[in-house]
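A short worksheet on the structure shown next.
The values are calculated or read from the model by the stated rules, or taken from the named source; none is laboratory data. On a predicted model such as this, the values are computed, not experimentally measured, just so you know. Here the Cβ is made from the backbone with ideal geometry for all residues, glycine too, and neighbour counts use every protein chain on show.
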Amino acid sequence: MISFQHFIFVLILSGHLFTSIQAIDEPLSLTDNDKLRLRKIVELKTPLSENTLANIYYNVNLRIHLDKSITESQKICDHIKKDSGETIESIYFQTSIAKLITGCQLDQTKLSIKLQSLINDDLIVMDIYRAGLSLANMGKPLDSAKFSRLLIEALKREDSLLNTGLAFQLASKFSKPQDQNPFVEKIADVIVQADEVNAKYLQFEGGLGVSSAVIRGIYQLATAANKPVGITAAQATKFVNYFLSRKYVLTPKGVSEVIETLALFTNNKYHIPYMITKFGSSALSATENPILTIKVTNVLGESVGPVTVTGTSLSMNKDKNNAIMKNISFKPVVGDSTLFAYDFFATKSSLSSGFYTMTVNVSPQKPDARILGNNGIPIGLTILTKVKIDSAELTITDADVGTKTFGLIYPSSLDQLIDVDYLQRIQMKFQIKDSQNDQSVRVHQAFVRFYHLDTKQEITFVSELDSNGFHKIDLNLPAKSKDFNDLSGRYQLDLYIGDPLIIEAISWKIGTINLQFGSLQSNSMTPTAIHRNEYLPKPEIKHIFREQDKRPPALVSNFFTILAMLPLLGLFVAWFKIGVNLSNFKFSLSALLFHGSIAAIFLLYVCFFLKLNMFQTIKYLAGLSFIAYLSGHSLLSNLIRNKK
């Protein structure tokens, strides 16, 4: 059984968890823990020769975007130079790595000649993309007309979203607008193929790889052609949400795709989202956590530069139309350019406890139309408080003796043992007030527990709030004796108060009451026995089958049996009067077996009626039927032959 203390703990913990998960659907940028986990996924093996060129590229690509530098860059450069570059794939990864590492020079003449020899009209889109990017990585001029033709022919053979995204990326490297235009015209048709999930995410069928290739291709091509990107601000936000949700990818390739796509949204011509989130706890109180801190970053969790953070309005969730505070100016946190803080308890006019929503605007120093998600961002916060118990009294009422009242002062306990019999009445009242402003506070849970010191039995009663702000408990013992199982003895009286808006729940041991019930059960059974009755085995439930229906009298059964046998009796009488003609009967083996098997089948039916069950009968009938079939077929064949 879960004890009352455990129940109270779960109640208060659930309330604070509710407070902490408000606004959980806010898009979150990459955190330091996310970056550390992603670095481990692309971590290279030792020695370097144990790694493929692809994995080395994924590692270098991530570190360039997140760390802005590469350790052991010369060692990596020397390693990739050893690769002979015999395939388009290997040349692509070689040149991509060398481009990211400053000062890494490959034998470009050799690689360019080899690459040109591998380019032909039968290449798939992936190889055309890698060949074109390899030339671009080496700074070689692209024959945009040739590559445009190759891409168009390859897309005719296999037109998929992934191939289209790769084609967009390569087309962004073309120098002639006429070679880019066939791909620019396809951007709008591709965007409408995006799938929306839960009205929050946008992605393309095929998952992360396809979505990353298409989005990077669209933005790169639109930028190169100086055309509108065709993606609205709302769509861009949903695409960003999708890529942030995929930050838990587990493969080096997936990590590279996530980071490279998110990096695109930190610096492009069209959309740059801001990530505005709470930093640390948003459960505030005057004594323990008075400051709310907001974090402003780009999608990679990096600083967006000097900005001004303002809380335009603050209102309670139960009255959102009434702004309690306006124009709340957050101050930059020294040492971290992404953090901004405000002390809600710096002035004497502190907020009352409750759940609040603040609308936040973030303004850069220079207006920038590319910025998304920087205005009207809702931030949830909770104001907690400490409470105290005031005007607490415990009253014992007797119809004959009168009333006896005990004054209670939290957190002290009564020293004396209070005797109460089953004819008396127990009443308790108290007020719960805010420790800061002495105002009455309404809490979610306030109840008392009677705890039997011998049997560990627990009985709880919830308090009721009256119009004067007093919590009251009124126990008429003659009516409540069943709740106590008529169990006499010493009970510890405790008061518990819990609420999500209280910093610390109250558990108050008030005192000990000696309850005496006058029932026979209380006198005839020990307290332990009464308590343990609840846990004894329950009586066994025995199933009673339905009785068989009565059969008719034997006389009725015998009558219908004789009635069914009358036709057979009539047959024998007819044979006796008319005679039996057996002139055509021939004593052959087939004739004897056939007639004998037929007679045996009739005899089997009689046995089934008298003693055999269905399964036994079917087993014997199968053998007799087989004999009857074969012998009957032979007998009829002989009769036909004799007639001829």
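Only one of (1) modelled with pLDDT under 90; (2) under 28 Å from residue 638 (Cα atoms); (3) assigned to a helix (DSSP H, G or I) fails for residue 586. Which number is that?
Status for residue 586: all satisfied but (3).
Quick check on the range 1-57: of everything there that is acidic (Asp, Glu) and modelled with pLDDT of 50 or more, which residue is surrounded by the most Cβ atoms within 10 Å (Cβ to Cβ)?
34
Given the criteria within 16 Å of residue 512 (Cβ to Cβ) and more than 43 Å from the chain's Cα centre (by Cα), does residue 481 qualify?
On the way: within 16 Å of residue 512 (Cβ to Cβ): no; more than 43 Å from the chain's Cα centre (by Cα): yes.
Criteria not met by residue 481.
Quick one: in the range 535-592, of everything that is among the basic types (Lys, Arg) and farther than 30 Å from residue 630 by Cα, which residue is farthest from the chain's Cα centre (by Cα)?
Residue satisfying both the conditions and the ranking: 577.
How many of the residues in the range 410-434 are part of a strand (DSSP E or B), over 20 Å from residue 488 (Cα atoms) and of a type in the set (S, T, N, Q)?
The total comes to 1.
Considering only the range 329-385, give the strands (runs of 3 or more DSSP E) lying wholly within it that have at least 3 residues that are out of contact with any Phe, Trp or Tyr (no Cβ under 9 Å at 6 or more places or on another chain), among the hydrophobic types (A, V, I, L, M, F, W, C) and modelled with pLDDT of 90 or more.
Passing ranges: none, list empty.
If a residue counts only when it is closer than 14 Å to residue 182 by Cα, which helices (runs of 4 or more DSSP H) contained entirely in the range 107-171 have at least 1 such residues?
In the range 107-171, the matching helices (runs of 4 or more DSSP H) lie at 144-157, 161-171.
Does residue 199 meet the test of being in the same structural domain as residue 163 (by TED's automatic domain parsing), without any contact (Cβ under 8 Å) to a residue 60 or more places away in the chain and either under 13 Å from residue 269 (Cβ atoms) or more than 23 Å from the chain's Cα centre (by Cα) (or both)?
no
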